[in-house]
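One structure is given below, encoded as structure tokens.
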Amino acid sequence: MANYLKIAVAIDFSEQSLKAFDRASHLAIQHQAILQLVNVIDTKSFGAVSAYDLKYAEELKKENMLKMEKLEKEALQLGVNEVESIVETGSPKGILTQLPNVDLIVCGATGLNRMEKMMLGSVAEKIVRHALCDVLLVR
């Protein structure tokens, strides 16, 4: 069995990502690993007006950081030794496959996108294909 020192979990606040968070938390406890919570605000899904996009992205980033802080506290209460959070804007597929110094990425099989629920989520599929570390998909 691999010894994971840093476990990242993709969080979009969907039911699947919260299941992934739970699994990643337990793995972090088991391996005494750092748990890294990663939320990526997909700016490609915004409208065409760039000034509006930036303002909306910053507001969403603040909101998501508050949600991530709650998840951090929850993980610490479960017994995870160290938790860190990242909230980024950009392409979830690109950011999640390029996380530095991560030994395992945990993500839900599908995310918030309704169409993606019909099949393996496109973000999850991209992570599986392009991540440089182990990947665990949670259903």
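The residues in region 75-88 that are surrounded by 16 or more Cβ atoms within 10 Å (Cβ to Cβ) and in a helix (DSSP H, G or I) can be counted, and the count is 1.
Residue-level check: of (1) farther than 11 Å from Ala8 by Cα; (2) loosely packed, with under 15 Cβ neighbours inside 10 Å, Ser91 misses just (2). The residue pairs whose first member lies in region 95-120 and is farther than 15 Å from Lys6 by Cβ and modelled with pLDDT under 50, whose second member is hydroxyl-bearing (Ser, Thr, Tyr) and buried (at least 18 other Cβ atoms within 10 Å of the Cβ), and whose beta carbons are closer than 6 Å, counting only pairs six or more residues apart or on different chains, are Glu116/Thr110; Lys117/Thr110.
Of everything in region 121-139 that is surrounded by fewer than 15 Cβ atoms within 10 Å (Cβ to Cβ) and of a type in the set (Lys, Arg), the residue that is modelled with the lowest pLDDT is Arg139. If you go through region 1-42 and keep only what is outside any helix (DSSP H, G or I), under 17 Å from Val128 (Cβ atoms) and under 11 Å from the mean Cα position of the chain (by Cα), you end up with Ile7, Ala8, Val9, Ala10, Asp12, Val38, Val40.
The values are calculated or read from the model by the stated rules, or taken from the named source; none is laboratory data. Because the structure is a prediction, the values reported are computed rather than measured. Backbone-built Cβ (ideal geometry, glycine too); neighbour counts: all protein chains shown.
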